[in-house]
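I have placed the structure first, in the form of structure tokens, so that the comments after it can refer back to it.
The values are calculated or read from the model by the stated rules, or taken from the named source; none is laboratory data. Every value quoted in this text rests on a predicted model; they were computed, and no experiment measured them. Methodologically, a virtual Cβ is constructed for each residue, glycine included, from the backbone with ideal geometry; neighbour enumeration extends over all protein chains shown.
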Amino acid sequence: MFGLAALAIASVVAPGGFSAEITNPYLPLRPGSTWRFRGSDEGEPTTETVTVTDQTKVIQGAPCVVLRDRVFVKGKLHEDTTDWYSQAGDGTVWYFGEQTRTVDSKGRTISREGSWQAGVDGARPGIFMPAKPRVGAIHRQEIYKGHAEDRFRIDSLHGSVDVPYRRFRGNLVVTHEWTPLEPDVRDRKYYARGIGVVREESIRGGNETNSLVSFSRGR
């Protein structure tokens with residue numbers, strides 16, 4: 001539907017060395033940076049905190065910065081995820097996997113589905129943000145067949161959106177996201193230059209929103 005040729009191109013690792021220093025303007029990941037979001041999931045209030053840690057993890061020879069992502073539903077921890085990102089020499093940010101767990105109301109792990117790591121069980125790194133976003137380009141974020149297959153298309157480079165943190169007018173990368181594992185679900189994300197994700201929303205097959213409330217820039 002969105003072009004198999006583009007998907008095939010996006011699955012090839014970009015040339016050049018990788019670095020845990022992520023400077024891509026639409027996904028800057030400085031250690032110490034923290035994003036706080038507020039939203040809802042099927043009518044339940046949610047909050048989310050994403051923090052760039054001081055840790056790194058080497059995956060397939062690539063040094064990856066480690067992120068901690070925690071989602072709370074009605075004030076209780078629901079999902080706890082560790083993500084691994086690395087930046088290629090051309091400025092493209094690659095996603096090397098995640099370790100995620102869903103917990104119950106007592107904090108007990110009830111699922112680790114969706115976890116994957118490049119180089120394990122056939123999984124490969126995917127592109128999370130290209131160095132030079134181009135409208136119409138399609139990329140694969142996650143490449144682990146049957147478990148993690150997120151993909152996105154860049155729809156605009158001049159989006160606008162209002163979130164609690166501030167109003168953004170233009171200079172936003174807007175993406176359309178989907179996965180073959182949930183063919184009836186479609187989402188949209190907004191990436192602001194110098195900040196990263198500022199809003200996520202369902203556009204089909206779901207009822208989720210997530211908007212940036214605060215942002216603190218790391219070192």
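Count, please, the residues in the stretch 70-97 that happen to be within 21 Å of residue 25 (Cβ to Cβ) and touching a residue at least 24 places away in the same chain (Cβ under 8 Å).
In the first step, residues of the stretch 70-97 are kept if they are within 21 Å of residue 25 (Cβ to Cβ); the result is 83-96.
Restricting the remaining residues to those that are touching a residue at least 24 places away in the same chain (Cβ under 8 Å) gives 84-96.
So the count comes out to 13.
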(request) Using the structure shown, decide if residue 113 is touching a residue at least 60 places away in the same chain (Cβ under 8 Å) and either of a type in the set (Asp, Glu) or surrounded by fewer than 18 Cβ atoms within 10 Å (Cβ to Cβ) (or both). (result) no
(request) Read through the list (1) surrounded by fewer than 17 Cβ atoms within 10 Å (Cβ to Cβ); (2) within 23 Å of residue 180 (Cβ to Cβ); (3) without any contact (Cβ under 8 Å) to a residue 40 or more places away in the chain, then give the number of the only condition that residue 105 fails. (result) (2)
(request) Counting only residues that are farther than 25 Å from residue 154 by Cα, give me the strands (runs of 3 or more DSSP E) lying completely in the stretch 12-131 with at least 3 of them. (result) 44-59, 62-73, 76-87, 93-103, 109-111
(request) Out of 168, 152, report the one residue that is surrounded by 14 or more Cβ atoms within 10 Å (Cβ to Cβ) and in contact with a Gly (Cβ under 8 Å, 6 or more places away or on another chain). (result) 168
(request) Considering each of 158, 139 in turn, give the residue that is closer than 28 Å to residue 58 by Cα, at pLDDT 95 or above and either not in a loop (DSSP other than H, G, I, E, B) or not aromatic (Phe, Trp, Tyr) (or both). (result) 139
(message) Which numbered condition in (1) loosely packed, with under 13 Cβ neighbours inside 10 Å; (2) modelled with pLDDT under 95 is the only one that residue 218 fails?
(response) (1)
